[in-house]
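The values are calculated or read from the model by the stated rules, or taken from the named source; none is laboratory data. Just so it is clear, the structure is predicted and the values come from calculations on it, not from any experiment. Note that each Cβ is placed from the backbone with ideal geometry, even for glycine, and that neighbours are counted across all protein chains shown.
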Amino acid sequence: MPNPLLRRVGPEAMDDWLRAAYRESRALQESKGGDATFYEIGANAPELLEWYIRGFYGSVFYGGRVDVRMKELLRYRLSMTHGCAFCNKGNIEAARRAGLGDDQLAAVMDADSDVFSGPERAVLRLAAEMALTNMEGRLTPALYDSLSAHFDDGEIFELGMVAAVLTGMAKFLFVYDLVEREAHCPVGPPPTAEQKPAAEQAAAE
């Protein structure tokens with residue numbers, strides 16, 4: 001379970017809309033052995049959670065120019081790459097609701113799989129370039145050609161911005177210890193109480 005330094009806010013102190021979102025997330029997470037720490041900490045600044053949930057997700061991710069199915073594929077590929085256990089538990093269900101099949105979800109790390117269409121392969125390749133783990137990522141002419149065969153420039157811009165927000169949020173969630181991580185998460189877990197003196201000493205050197 002995450003162990004953040006920031007204060008947790010109980011549901012009784014949350015606004016009605018946030019309490020409802022928290023309970024929905026907590027029910028899903030607990031059904032899969034997880035928790036909703038992100039909401040409990042985010043409730044310290046509810047206006048920021050409102051922007052993230054209603055602004056980014058409401059207006060851009062579930063609105064915007066690009067079909068939601070493509071953005072769900074992009075999101076699931078990123079969360080699987082980043083090893084966000086909290087994200088993966090919710091993202092796989094959202095991807096299924098958007099119409100992605102279990103065969104596609106199982107193959108999400110393989111953009112060349114024949115279970116994907118041309119636009120899906122292009123989106124997966126963009127996700128690979130945008131991931132935290134790829135410090136040399138770029139929109140190459142070949143990738144642009146692959147994307148532009150199926151999306152206009154506004155849609156390609158949207159896909160990139162969505163990936164950027166999701167990737168930046170992933171780093172934030174890991175650094176602040178707000179979510180469970182998979183074993184392959186590239187951002188290391190915070191040091192334990194026993195490890196802290198050594199970690200602090202190493203940082204000072």
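The figures follow:
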item	result
In region 101-123, residue farthest from R138 (Cα to Cα) [restricted to those that are under 18 Å from the mean Cα position of the chain (by Cα) and β-branched (V, I, T)]	V108
Matching residues, region 166-181, being surrounded by fewer than 15 Cβ atoms within 10 Å (Cβ to Cβ) and in contact (Cβ under 8 Å) with a residue 12 or more places away in the chain	K171, V175
Residue in region 108-120 that is in contact with a His (Cβ under 9 Å, 6 or more places away or on another chain), at pLDDT 95 or above, of a type in the set (S, T, Y) and over 30 Å from D35 (Cα atoms) present	yes
Conditions (1) closer than 16 Å to R69 by Cβ; (2) within 16 Å of the chain's Cα centre (by Cα); number of the one not met by A128	(1)
Qualifying residue in region 130-143 (condition: in the same structural domain as K171 (by TED's automatic domain parsing), in a helix (DSSP H, G or I) and within 24 Å of V175 (Cβ to Cβ))	yes
Options A36, A13, A43: the member that is of a type in the set (A, V, I, L, M) and within 20 Å of N91 (Cα to Cα)	A36
Condition check for G10: at pLDDT 95 or above and assigned by TED's automatic domain parsing to the domain that holds A128	no
Selected residue (criterion: surrounded by the most Cβ atoms within 10 Å (Cβ to Cβ)) from residues of region 36-93 that are more than 17 Å from Y176 (Cα to Cα) and among the acidic types (D, E)	E72
